[in-house]
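Data block below; observations after.
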């Protein structure tokens, strides 16, 4: 199965990053990559193929670990989002949204089986039944008009989604970090003047290293590093730290 371009790009970038780390760092980095993959893989239809590519990446770089051990890491991290419906013959089954078919990884190949064949003797798990959803309506006369609070007028606004799009290597991340840097020191904006409101900034990145890439870029932009905070993960109810997941944590 051919994966969507964003997944292909993610795997390519992470393979390059993994290849650039030392042998004793690769196990930790590979687990982080599998964790980041949970946010990239937003369509369970591709779960099996995506997991298989991660497995191949692990086999390529983690030469000191067995294939079963690498597969266990991939399955454990990905299935924190896509629930395990059942386990059979060492294979992990990830449930599709429609609740009728699971995609399974076993012996390095993907295949499909029906749920009943995998669930053993009354030990059926909750496989995520859809809850009834009701529309929430708000009347227009109940909303008080407010002005947009601009970060950089006409370009970025507080509390709004803004996208910086472009081909790789054009400086999208650098622009975002430059915007953050200007806010940390109340610096003026280019082109049309005005000044950035001084405030703290939160940075979430799933690609670049903090110590060797992000912080040096912030320093080059003149940021006040005491006002920049990196969101590196979340902590669950047991105290275990996990990768930040946009689908669950926002």
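Read-outs: derived from the displayed coordinates by stated rules, not from any lab. This structure is a prediction, so every number in the text was calculated from the model and none was measured. Don't worry about glycine lacking a Cβ; one is built from the backbone with ideal geometry, like all the others, and counts go over all protein chains shown.
Couple of notes before you dig in:
- Available extension along the chain between residue 72 and residue 230 is 54.0 nm, counting 0.36 nm per residue and deducting the alpha carbon span.
- For region 150-249: rounded, prolate or oblate by the Cα gyration tensor [a/c cutoff 1.5]: prolate
- Fewest-first sequence of 24, 47 by Cβ atoms within 10 Å of each Cβ: 24, 47
- At R0 = 22 Å, FRET efficiency that the Cβ-Cβ distance of residue 147 and residue 186 yields, to 0.05: 0.60
- For the pair residue 245 and residue 65, the difference between a 0.36 nm per residue extended length and the Cα-Cα distance amounts to 62.1 nm.
- At an R0 of 35 angstrom, the distance between the Cβ atoms of residue 136 and residue 158 translates into a FRET efficiency of 0.90.
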